[in-house]
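Notes follow the structure.
The values are calculated or read from the model by the stated rules, or taken from the named source; none is laboratory data. From a predicted model like this one, the values you see are computed outputs, not experimental measurements. Cβ atoms come from the backbone with ideal geometry, glycine included; neighbour counts cover every protein chain shown.
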Amino acid sequence: MRTITGAAREEKPEAPAEGAELLRLRDHLGRLGLMSELCDARTALLVQRPDVGLPLWVFVGYGGAYYSWQSAEKRHPVCDAAGAALVLADYISGRVF
């Protein structure tokens, strides 16, 4: 029987790489006056609608190349966080379906 003494501490895993991309998107959404928050695991961004309705979950998918939402039916390249924020703003305001 093998025992571990003293050094058996749980370490917090590193934040996923998508977390940095989601933070950039959150910052751009904030500049547009939209509220959003990063989930604790830094794997998704919860975007609040400005009026009434359920919030929107945004993920980084497709190998880290795209922001995706609406069950991955909608997407925008992560290299353009400002553009993604504008597209999301139109989407959650009901101007784009």
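Tabulated results
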read-out: Failed condition for R49, given (1) without any contact (Cβ under 8 Å) to a residue 24 or more places away in the chain; (2) in contact with a helix residue (DSSP H, G or I) (Cβ under 6 Å, 6 or more places away or on another chain); value: (1)
read-out: Pairs where the first residue, in segment 15-44, is exposed (fewer than 12 other Cβ atoms within 10 Å of the Cβ) and the second is at pLDDT below 90, C-beta under 8 Å, 6+ apart; value: G33/P50; A41/P16
read-out: Hits in segment 71-96 (condition: more than 16 Å from G30 (Cα to Cα), touching a helix residue (DSSP H, G or I) at 6+ places or on another chain (Cβ under 8 Å) and of a type outside the set (V, I, T)); value: K74, H76, P77
read-out: Residue under evaluation V52, criteria (1) modelled with pLDDT under 95; (2) surrounded by 13 or more Cβ atoms within 10 Å (Cβ to Cβ), criterion not met; value: (2)
